[in-house]
Amino acid sequence: MLDMAGFMFFDFGGLSILDQRSFLNNRVGTQIFGTDIKYLGRRGHPLQSGTPFDGEGIPRQRVQLVENGIVKRLVYARATAKKMEQTEYKDKLGPVTPTGHGFSLPNEMGEAPMNIVFGAPTDPKTLEQMIASTERGVLVTRLWYIREVDPYEKILTGMTRDGTFYVEDGKVRHGILNFRFNESLIHMLSNVEAMGTPVRASGEESFDMVAPAMQVQILISRK
(Lines give C-alpha, C1' and ligand atoms only; values in the text may rest on other atoms or scores of the structure.)
Protein backbone atom coordinates (compact mmCIF):
# COMPACT_ATOMS: atom_id res chain seq x y z
CA MET A 1 0.00 0.00 0.00
CA LEU A 2 2.76 2.45 0.98
CA ASP A 3 4.70 1.98 -2.25
CA MET A 4 1.58 2.66 -4.33
CA ALA A 5 0.48 5.67 -2.29
CA GLY A 6 3.89 7.29 -2.68
CA PHE A 7 3.19 7.81 -6.38
CA MET A 8 0.55 10.45 -5.75
CA PHE A 9 2.15 12.87 -3.32
CA PHE A 10 4.14 14.90 -5.87
CA ASP A 11 0.73 15.68 -7.37
CA PHE A 12 -0.14 17.59 -4.20
CA GLY A 13 2.54 20.17 -5.00
CA GLY A 14 1.28 23.51 -6.26
CA LEU A 15 3.68 23.53 -9.23
CA SER A 16 2.31 20.25 -10.59
CA ILE A 17 -1.16 21.83 -10.55
CA LEU A 18 0.07 24.95 -12.35
CA ASP A 19 1.89 22.79 -14.93
CA GLN A 20 -1.27 20.71 -15.55
CA ARG A 21 0.51 17.45 -14.72
CA SER A 22 -1.31 16.51 -11.52
CA PHE A 23 -4.15 14.01 -11.19
CA LEU A 24 -5.73 16.66 -8.94
CA ASN A 25 -6.25 19.14 -11.77
CA ASN A 26 -10.02 19.85 -11.86
CA ARG A 27 -10.45 17.68 -8.74
CA VAL A 28 -9.29 20.03 -5.97
CA GLY A 29 -12.05 20.50 -3.41
CA THR A 30 -13.95 17.41 -4.57
CA GLN A 31 -14.32 13.99 -2.99
CA ILE A 32 -12.22 11.55 -4.95
CA PHE A 33 -11.46 8.98 -2.22
CA GLY A 34 -13.58 7.12 0.32
CA THR A 35 -14.85 9.09 3.29
CA ASP A 36 -12.49 7.31 5.70
CA ILE A 37 -9.40 8.50 3.82
CA LYS A 38 -7.54 11.37 5.46
CA TYR A 39 -3.89 12.18 5.45
CA LEU A 40 -1.64 15.07 6.11
CA GLY A 41 1.90 16.29 6.02
CA ARG A 42 2.80 16.47 9.69
CA ARG A 43 6.22 17.07 11.14
CA GLY A 44 6.84 16.06 14.74
CA HIS A 45 4.73 12.90 14.65
CA PRO A 46 6.33 10.40 17.05
CA LEU A 47 6.50 7.71 14.36
CA GLN A 48 7.63 9.94 11.52
CA SER A 49 11.14 10.70 10.32
CA GLY A 50 12.64 13.54 8.32
CA THR A 51 13.88 17.07 8.88
CA PRO A 52 11.60 19.74 10.39
CA PHE A 53 12.39 22.16 7.54
CA ASP A 54 12.56 22.05 3.75
CA GLY A 55 15.30 22.70 1.18
CA GLU A 56 14.62 26.44 1.38
CA GLY A 57 15.03 26.48 5.15
CA ILE A 58 11.32 27.03 5.84
CA PRO A 59 9.77 25.05 8.73
CA ARG A 60 7.47 22.28 7.56
CA GLN A 61 3.86 23.11 8.37
CA ARG A 62 1.12 20.69 9.33
CA VAL A 63 -1.02 20.49 6.18
CA GLN A 64 -4.32 18.60 6.02
CA LEU A 65 -4.11 17.33 2.45
CA VAL A 66 -7.20 15.13 2.41
CA GLU A 67 -10.10 14.93 4.84
CA ASN A 68 -13.05 12.54 4.47
CA GLY A 69 -11.85 11.78 0.97
CA ILE A 70 -11.89 15.44 -0.10
CA VAL A 71 -8.76 17.22 -1.33
CA LYS A 72 -8.39 20.15 1.08
CA ARG A 73 -4.90 21.62 0.68
CA LEU A 74 -1.74 21.64 -1.41
CA VAL A 75 1.86 22.38 -0.45
CA TYR A 76 4.03 25.19 -1.83
CA ALA A 77 7.61 26.27 -2.19
CA ARG A 78 8.15 30.03 -2.07
CA ALA A 79 8.10 30.64 -5.84
CA THR A 80 5.06 28.41 -6.31
CA ALA A 81 3.09 30.21 -3.61
CA LYS A 82 3.72 33.51 -5.36
CA LYS A 83 2.51 32.11 -8.70
CA MET A 84 -0.52 30.43 -7.14
CA GLU A 85 -1.67 33.72 -5.64
CA GLN A 86 -2.43 34.86 -9.19
CA THR A 87 -4.81 31.96 -9.93
CA GLU A 88 -8.34 30.92 -8.98
CA TYR A 89 -6.95 28.18 -6.73
CA LYS A 90 -6.29 30.67 -3.96
CA ASP A 91 -10.06 30.83 -3.39
CA LYS A 92 -10.41 27.03 -3.19
CA LEU A 93 -7.47 26.18 -0.96
CA GLY A 94 -7.35 28.81 1.75
CA PRO A 95 -4.11 30.70 2.47
CA VAL A 96 -1.52 30.25 -0.27
CA THR A 97 1.79 30.63 1.53
CA PRO A 98 5.05 28.62 1.58
CA THR A 99 4.37 25.47 3.58
CA GLY A 100 7.93 24.21 4.06
CA HIS A 101 7.83 21.46 1.42
CA GLY A 102 10.10 22.92 -1.27
CA PHE A 103 13.28 21.34 -2.57
CA SER A 104 16.77 22.80 -2.42
CA LEU A 105 17.60 25.60 -4.83
CA PRO A 106 18.01 25.69 -7.78
CA ASN A 107 14.63 23.99 -7.85
CA GLU A 108 12.74 22.97 -11.00
CA MET A 109 10.62 20.30 -9.29
CA GLY A 110 8.62 22.59 -7.04
CA GLU A 111 7.52 20.82 -3.90
CA ALA A 112 5.98 17.67 -2.45
CA PRO A 113 4.48 16.85 0.93
CA MET A 114 6.80 14.87 3.18
CA ASN A 115 6.32 13.52 6.70
CA ILE A 116 3.11 11.86 5.48
CA VAL A 117 0.76 10.52 8.14
CA PHE A 118 -2.48 8.71 7.30
CA GLY A 119 -5.24 9.50 9.76
CA ALA A 120 -6.40 6.66 11.99
CA PRO A 121 -9.83 5.21 11.09
CA THR A 122 -12.70 5.52 13.54
CA ASP A 123 -12.79 1.75 13.94
CA PRO A 124 -9.33 0.30 13.26
CA LYS A 125 -9.08 -3.41 12.54
CA THR A 126 -6.20 -5.78 13.11
CA LEU A 127 -4.81 -7.74 10.19
CA GLU A 128 -6.29 -10.88 11.73
CA GLN A 129 -9.75 -9.26 11.82
CA MET A 130 -9.45 -8.21 8.18
CA ILE A 131 -8.52 -11.75 7.18
CA ALA A 132 -11.35 -13.23 9.25
CA SER A 133 -13.90 -10.99 7.50
CA THR A 134 -12.72 -11.91 3.99
CA GLU A 135 -14.82 -14.46 2.11
CA ARG A 136 -12.32 -14.73 -0.71
CA GLY A 137 -9.28 -12.58 -1.36
CA VAL A 138 -5.53 -12.21 -1.59
CA LEU A 139 -3.19 -11.20 1.23
CA VAL A 140 -0.38 -9.08 -0.23
CA THR A 141 2.59 -8.35 2.01
CA ARG A 142 4.87 -6.53 -0.43
CA LEU A 143 4.83 -4.86 -3.85
CA TRP A 144 7.67 -3.88 -6.14
CA TYR A 145 8.57 -2.83 -9.69
CA ILE A 146 5.72 -0.30 -9.69
CA ARG A 147 5.36 2.04 -12.64
CA GLU A 148 2.77 4.63 -13.66
CA VAL A 149 0.50 3.76 -16.59
CA ASP A 150 -2.03 6.62 -16.61
CA PRO A 151 -0.93 9.77 -14.71
CA TYR A 152 -4.38 11.39 -14.54
CA GLU A 153 -6.37 8.34 -13.45
CA LYS A 154 -3.33 7.30 -11.40
CA ILE A 155 -3.29 3.78 -12.77
CA LEU A 156 -0.22 1.88 -11.62
CA THR A 157 1.22 -1.45 -12.67
CA GLY A 158 3.50 -3.57 -10.54
CA MET A 159 4.07 -6.99 -9.02
CA THR A 160 3.58 -8.76 -5.72
CA ARG A 161 6.65 -10.14 -3.99
CA ASP A 162 7.89 -12.06 -0.93
CA GLY A 163 4.63 -13.42 0.37
CA THR A 164 1.30 -13.55 -1.48
CA PHE A 165 -1.44 -15.75 -0.01
CA TYR A 166 -4.92 -16.97 -0.91
CA VAL A 167 -7.62 -16.21 1.68
CA GLU A 168 -10.93 -18.08 1.76
CA ASP A 169 -13.70 -18.14 4.38
CA GLY A 170 -11.69 -16.01 6.76
CA LYS A 171 -8.52 -18.11 6.73
CA VAL A 172 -5.16 -17.99 4.96
CA ARG A 173 -5.19 -21.19 2.93
CA HIS A 174 -1.90 -21.28 1.01
CA GLY A 175 0.65 -19.27 -0.88
CA ILE A 176 0.06 -18.33 -4.51
CA LEU A 177 2.28 -17.30 -7.38
CA ASN A 178 3.23 -13.66 -7.58
CA PHE A 179 1.30 -11.70 -10.18
CA ARG A 180 1.24 -8.38 -12.01
CA PHE A 181 -1.51 -5.88 -11.25
CA ASN A 182 -2.99 -2.78 -12.87
CA GLU A 183 -4.93 -0.62 -10.45
CA SER A 184 -5.99 3.00 -10.07
CA LEU A 185 -5.05 4.63 -6.79
CA ILE A 186 -8.25 6.65 -7.03
CA HIS A 187 -10.31 3.49 -7.39
CA MET A 188 -8.37 1.67 -4.69
CA LEU A 189 -8.75 4.43 -2.09
CA SER A 190 -12.44 4.72 -2.95
CA ASN A 191 -13.08 1.06 -2.11
CA VAL A 192 -11.40 0.63 1.28
CA GLU A 193 -13.50 -1.64 3.49
CA ALA A 194 -11.29 -1.60 6.60
CA MET A 195 -8.03 -0.09 7.83
CA GLY A 196 -5.63 -0.86 10.61
CA THR A 197 -3.84 1.47 12.98
CA PRO A 198 -1.23 3.50 11.03
CA VAL A 199 2.37 2.49 11.71
CA ARG A 200 5.71 3.71 10.43
CA ALA A 201 6.54 1.85 7.24
CA SER A 202 9.31 1.79 4.65
CA GLY A 203 9.32 0.62 1.06
CA GLU A 204 11.34 0.39 -2.12
CA GLU A 205 9.30 2.71 -4.34
CA SER A 206 8.39 5.45 -1.86
CA PHE A 207 9.66 7.48 1.05
CA ASP A 208 8.83 6.46 4.62
CA MET A 209 5.38 7.31 5.94
CA VAL A 210 2.95 6.41 8.70
CA ALA A 211 0.35 4.25 6.98
CA PRO A 212 -2.15 1.49 7.83
CA ALA A 213 -2.81 -1.96 6.44
CA MET A 214 -5.94 -1.88 4.28
CA GLN A 215 -8.68 -4.23 3.20
CA VAL A 216 -9.68 -3.18 -0.31
CA GLN A 217 -12.36 -4.47 -2.61
CA ILE A 218 -10.96 -4.94 -6.12
CA LEU A 219 -11.88 -6.84 -9.25
CA ILE A 220 -9.45 -9.58 -10.26
CA SER A 221 -9.54 -10.80 -13.84
CA ARG A 222 -7.62 -13.61 -15.48
CA LYS A 223 -6.23 -13.23 -18.98
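The values are calculated or read from the model by the stated rules, or taken from the named source; none is laboratory data. In this text the structure is predicted, and so the values were computed from the model without any measurement. Glycine gets a Cβ as well: all are built from the backbone with ideal geometry, and neighbour counts include every protein chain shown. For the accessible areas, the whole protein counts, side chains as well, though only heavy atoms, and no ligand, DNA or RNA atoms are used. Shrake-Rupley method; radii C 1.70, N 1.55, O 1.52, S 1.80 Å.
Counting only residues that are surrounded by 13 or more Cβ atoms within 10 Å (Cβ to Cβ), at positive phi and not polar (S, T, N, Q), how many does the range 42-83 have?
Residues in the range 42-83 being surrounded by 13 or more Cβ atoms within 10 Å (Cβ to Cβ), at positive phi and not polar (S, T, N, Q): 2 in total.
So, in the range 148-158, how many residues would count as being part of a strand (DSSP E or B) and out of contact with any Leu (no Cβ under 7 Å at 6 or more places or on another chain)?
Selection size over the range 148-158: 3.
Among the numbered criteria (1) part of a loop (DSSP other than H, G, I, E, B); (2) touching a strand residue (DSSP E or B) at 6+ places or on another chain (Cβ under 8 Å); (3) at pLDDT below 95; (4) open to solvent by 50 Å² or more (accessible area, probe 1.4 Å), which one does Trp144 miss?
(1)
When only residues in the range 84-129 that are of a type in the set (S, T, N, Q) and in contact (Cβ under 8 Å) with a residue 24 or more places away in the chain count, which is surrounded by the fewest Cβ atoms within 10 Å (Cβ to Cβ)?
Thr122
Kindly provide the set of residues from the range 11-41 that are basic (Lys, Arg), crowded, with 17+ Cβ neighbours inside 10 Å and under 20 Å from Val96 (Cβ atoms), ordered by number.
Listed by number, the list is empty, since nothing qualifies.
State the number of residues belonging to the range 184-208 that are modelled with pLDDT under 90, of a type outside the set (S, T, N, Q) and under 23 Å from Asp150 (Cβ atoms).
Residues meeting the conditions: 4.
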